[in-house]
Amino acid sequence: MTKQAKAGSSEKPVESFLPLTPAVFHILLTLADGEAHGYAVMQEVTRRSGGSVRLGPGTLYGAISRLLEDGIVAESEERPDPEMDDTRRRYYRLTQLGGRVLAAETERLADLVRAARSTKVVRKLRPA
Amino acid sequence: MTVGHLSIEYSERFYSALLSLYPARFRVRFASEMLQLFRDCAHDALEKGEIAVFAAFLVGMMRDLLLSILRERGKEWVGPIDGHPLAALIDLLLIPTMVTMKLVFLGPVLTLLFRDSTRISIDQFMMTSAFFSVAIGILALVASIVFTRLRPTVRLWVKLSA
């Protein structure tokens, strides 16, 4: 674990990072599947969200910058398969704190959905 | 060299120039990655073959870049520095000086610029309260520059002393 990740995990409780923006949530979901570079994250977020979340380089690296500062993601020191590797790129991975933040946000969203579904209006308007 | 390649080359140069508007800390860390990502996306957009797709891609990239620059600049200027009291004091002084500079400076400067049409000579101008407004505006400008430059130093000092 990097110095940044350690600092992040010892200082702030997981709840202090919530709620996550849709862009950050999708970035973390992508990195939960394994380490990736910026272009791969961008493409995967577009695919995963069905095109509803599109990240430009500014938004993506702005988010990564904050996530690195908070110790939620870290730059990967190990390079992937050398044949697949592109030495110009930096790879990012989810830290342990990042995994906990992602799980907590998923749980928070699930609670929201459960609460919404328990209301009469939503039950009535629910598509068949 | 095809028109497509030229389009990518020129748009890349333009994008690269705009990257210099980011704060130094962010630029040093991410500019090369952002440029690489822009290049990859530009090739993707061009592969689709339509000029309209490439134009829409460029507009989207510029919008993203400018909003992101404003966000990062805003963070650099007025974001809290780890809740340190010295940093809080600088923030407290920075915002009023910047606002003062903009409000107090603008009117008299416009008066000076258009003094021909308002028939005010420099001597007359120096006797008016607008002259003192310019002086306060200049002081506020100098103060805001000093405070803006001081922030990264304080940030570094706070980090090193932590």
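Here, each number is a calculation from the coordinates, and none is a lab measurement. Being a predicted model, the structure only gives us computed values, none of them experimental. Glycine also receives a Cβ, built like all others from the backbone with ideal geometry; neighbour counts cover every protein chain displayed.
A few notes on this one:
- Shielding of peptide B:32-39 by partners, expressed as the average count of other chain Cβ atoms within 10 Å per residue Cβ, is 6.
- For the range B:3-77, the direction-averaged projected area of the alpha-carbon convex hull comes to 4.6 nm².
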